[in-house]
Amino acid sequence: MKPVKHLVRIFSLLILLGMSTSLLFAKTQVVKLISEYHVNPIGIDVQKPRLSWQILSDGQNVMQTAYEIKVTDQSSKGKLIWTSGKVESDQSVNVTYGGPALKSMQRVYWQVRVWDNKKNVSAWSQPAFWEMGILEPEAWKASWINMGSANDTLAVRPCQYFRKEFSTNKKIKSARIYVTSKGLYQLFLNGQKVSDELFTPGWTSYNKRTQYQTFDVTSMLQGKNSLGAILGDGWYRGTIGWSSKRGYYGTKLALLAQLQINYTDGTSEMICSDNSWKVVDNGPIRGSGIYDGETYDARMEIPGWDKPGFNDSKWESASVISQSNEILTAPQGVPVRAIMEIKPIKLMTTPKGETVYDLGQNMVG
């Protein structure tokens, strides 16, 4: 029995030694890097973004005691833009970027490594990035455009349809579109919605601060292209407030769009909203409002209006208007998206002959 007891003791010592070794040499990783509360955001305008991360360890009682951040111009082996150096701190939330000022539309990559309370240093995290939006008013080369013939009225009016065709003949490295509107917009490229975001550009005090969105459209471009936008009243020109006031911020809708295309040969090109765009307001959306919903006449659909090759010879040319870009800002919050579709469970006709859809629950949309 004595050899067995010795073996048990040896195994126990090995287990304890293994546990001690694993605690001493616990593998710690830096994960879930976010900039300004977003994963790899594009189009931000915060000059000193706040950076956050988490640590993941296979050991117990592991804590960060120091960190180092490095920012480069490429995802791997890029030129160093800034490093924090080793900072003795357990802070891992909202660490402010301390490097040189960045330029409009510039993308940078960043990584973090940490030291833990076992005196171990982690490997560098996988690279994350953030990309600046348009920071200076003069960097906007696009013009605000509207439908010049549209009546300057507070009456409910049909939505306006804008379009522009263009060609690209070189290999594309990246493409971003920066867009906003007076009113609400939906943006299309080659017949497809550019984003699933809704109610863009969002509700602000439009005369003091107007948001613009940035979308990555690199994969959507082809040889011949067509940009299209639908503009509706929204909060800008539509009904708002308890008194059902219309046109609180203005009476005419307008669009601002700037497409930045970077080619692999190092050249770039911009497609900007200007008077070469075409516009019409005789489409199927006869009226739309935040409170009153949408009136849609399918008989007036315009097949292919947002695709290349469409005949827009009967559409009028857009008009360029004067509007300061000093108030343009990148969005601060999360976008509005559809997260659920409610389908009717019953169709009824009232004694008055009214059609009623029973949605199975209370809904006020």
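The values are calculated or read from the model by the stated rules, or taken from the named source; none is laboratory data. Given the structure is predicted, the values throughout are model-derived calculations rather than measurements. Here Cβ is always computed from backbone atoms with ideal geometry, including for glycine, and neighbour counts include all displayed protein chains. In case anyone asks, the SASA skips ligands and DNA or RNA and just uses the protein heavy atoms, side chains included. Shrake-Rupley method; radii C 1.70, N 1.55, O 1.52, S 1.80 Å.
Working from Cα pairs under 8 Å separated by at least six residues, relative contact order for segment 155-298 is 36 percent. Rounded if a/c is under 1.5, else prolate if a/b is larger than b/c, else oblate: which is segment 176-317, with a ≥ b ≥ c the root eigenvalues of its Cα gyration tensor? In terms of gyration-tensor shape, oblate. Counting protein heavy atoms only, the chain has 53 percent of its accessible area on carbon and sulfur, 1.4 angstrom probe.
The accessible area of THR355, taken with all protein chains in place and a 1.4 Å probe, comes to roughly 90 Å². Normalising by the residue count of the chain, find the relative contact order in percent from Cα pairs under 8 Å and 6+ residues apart. 16 percent. Adding -39500 (n - 2.57) for every DSSP H run of four residues or longer, then dividing by how many residues the chain holds, sets the calculated 222 nm ellipticity at -2500 deg cm²/dmol. For the residue pairs LYS171/LYS307; LYS77/LYS119; LYS170/LYS208; LYS141/LYS208, the C-alpha atoms sit more than 32 angstrom apart in LYS170/LYS208. Given that just one value was derived from the coordinates, which of (i) 4, 18, 19, 13, 10, 13, 13, 8, 2, 0; (ii) 5, 18, 23, 19, 14, 10, 5, 3, 2, 1, 0; (iii) 4, 11, 10, 9, 12, 13, 12, 12, 9, 6, 2, 0 is P(r) over Cα pairs in 10 Å bins from 0, in percent? Here P(r) over Cα pairs in 10 Å bins from 0, in percent agrees with entry (ii).
A 1.4 Å probe run over segment 193-233, with the rest of the protein chains in place, finds 43 Å² accessible per residue. Summary of the geometry: segment 307-335 and segment 32-62, compared by the centres of their Cα atoms, lie 33 Å apart. Annotation: lysines with alpha-carbon distance below 22 angstrom to LYS314 (same-chain offsets under eight excluded): LYS164, LYS224, LYS252, LYS278. Among the GluC sites (Glu not before Pro) within segment 270-365, those in coil by DSSP and having at most 15 neighbouring Cβ atoms inside 10 Å are GLU301, GLU326, GLU341, GLU354. Among the trypsin sites (Lys or Arg not before Pro) in segment 50-95, those located in a DSSP loop and surrounded by at most 10 other Cβ atoms within 10 Å of their own Cβ are LYS77, LYS79.
Rounded to the nearest 10 degrees, the inclination of helix 2-24 to the longest alpha-carbon principal axis of the chain is 40 degrees.
If the chain linking LYS103 and SER149 were pulled fully straight, counting 0.36 nm for each residue of separation and taking away their Cα-Cα distance, it would gain 12.7 nm. Over all other residues within a Cβ to Cβ distance under 14 Å of LEU359, the charged ones net out to 0, with Lys and Arg as +1 and Asp and Glu as -1.
Highest mobility in the GNM of the chain, judged by mean-square fluctuation with C-alpha springs under 10 Å and restricted to LEU347, LEU231, LEU154, is found for LEU347.
Taking a cut-off of 17 Å between Cα atoms, list the aspartates and glutamates near LYS173, but don't count ones fewer than 8 places away on the same chain. Within the straight-line cut-off, LYS173 pairs with ASP73, GLU131, ASP216, ASP265, GLU269. Among the chymotrypsin sites (Phe, Trp or Tyr not before Pro) in segment 223-318, those placed in a DSSP loop whose Cβ has at most 11 other Cβ atoms within 10 Å are TRP242, TYR291.
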